[in-house]
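Asks: Pasting a structure here, questions to come.
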Amino acid sequence: MAQTKSDPNYKVLSENRRARYDYAIEDDVECGIILQGSEVKSLRENACNIAESYAAVENGELWLVNSYIAPYDRAMFGHEERRRRKLLVSRKELSRLWNETQRKGMTLVPLVMYFNHKGIAKVKIGIAKGKKNHDKREADAKRDWGRQKARLLRHNG
């Protein structure tokens, strides 16, 4: 997702940083999202959170569940803050996602919500497997050793 800073439309709205700690992300998919008018206005003001949300394939459709978009104060017709929002993917992608979630331990986790370079709201969904506590400790130890190694190279090299 390395976009240039000069692109005025590209803007990260919400990032689920905890997902990479709790899950081993195997693959990711960019999805469109169906929003109401007041939700788009609220997103333009960066008022959203996807940290506690998840995605699910139900009845041949992909849904974003428990994501939070703050109410827009100046809207004539408001929206529900935590409603289920439909995600847009191709049928081929949808069948692949459904097959992946049927495997043991696989889940769909939203990683990032953003406006793309065209100014359209998108959600990046990760196909993930939950980490055990010992996997998390191992990742922490590896990260700490990398930091310590870089520190030693900076001072000694």
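The values are calculated or read from the model by the stated rules, or taken from the named source; none is laboratory data. Predicted model, so just to flag it, every value in this text is computed and none were measured. We place every Cβ from the backbone using ideal geometry, glycine too, and count neighbours over all the protein chains shown. Quick note on the areas: whole protein, heavy atoms, side chains included, nothing else; ligands and nucleic acids left out. Shrake-Rupley method; radii C 1.70, N 1.55, O 1.52, S 1.80 Å.
Asks: Out of V29, V112, V40, report the one residue that is farther than 26 Å from N133 by Cβ, aliphatic (A, V, I, L, M) and in contact with an Asp or Glu (Cβ under 8 Å, 6 or more places away or on another chain).
Replies: Testing whether each residue is farther than 26 Å from N133 by Cβ, aliphatic (A, V, I, L, M) and in contact with an Asp or Glu (Cβ under 8 Å, 6 or more places away or on another chain) leaves just V29.
Asks: Ok, one more. Testing G105 on (1) surrounded by 13 or more Cβ atoms within 10 Å (Cβ to Cβ); (2) on the phi > 0 side of the Ramachandran plot, one condition comes back false. Which one is that?
Replies: (1)
Asks: Within the group K104, K86, which residue is outside any helix (DSSP H, G or I) and more than 25 Å from N49 (Cβ to Cβ)?
Replies: Criteria check complete, one pass: K104.
Asks: Give all pairs with beta carbons closer than 6 Å in which a residue from the range 13-39 that is within 19 Å of I69 (Cα to Cα) meets a residue that is open to solvent by 20 Å² or more (accessible area, probe 1.4 Å) and of a type in the set (S, T, Y); count only pairs at least 6 apart in sequence or on separate chains.
Replies: S38/Y72
Asks: When you scan the range 93-106, do you find a residue that is touching a residue at least 12 places away in the same chain (Cβ under 8 Å), touching an Asp or Glu at 6+ places or on another chain (Cβ under 9 Å) and farther than 21 Å from D22 by Cβ, even just one?
Replies: yes
Asks: For the range 45-81, which residues satisfy the criterion of being at pLDDT below 90, loosely packed, with under 14 Cβ neighbours inside 10 Å and either within 14 Å of I34 (Cα to Cα) or hydroxyl-bearing (S, T, Y) (or both)?
Replies: Listed by number, the list holds a single entry, E80.
Asks: Taking the range 108-139 only, how many residues are loosely packed, with under 15 Cβ neighbours inside 10 Å, part of a loop (DSSP other than H, G, I, E, B) and not charged (D, E, K, R)?
Replies: 3
Asks: Right, next: Which count do you get for residues in the range 64-83 that are under 17 Å from V109 (Cα atoms), in contact (Cβ under 8 Å) with a residue 24 or more places away in the chain and assigned to a loop (DSSP other than H, G, I, E, B)?
Replies: Residues meeting the conditions: 1.
Asks: Quick check on my filter: what residues within the range 10-63 are more than 16 Å from L111 (Cβ to Cβ) and either part of a helix (DSSP H, G or I) or in contact with a Cys (Cβ under 6 Å, 6 or more places away or on another chain) (or both)?
Replies: Correct list: G37, S38, E39, V40, K41, S42, L43, R44.
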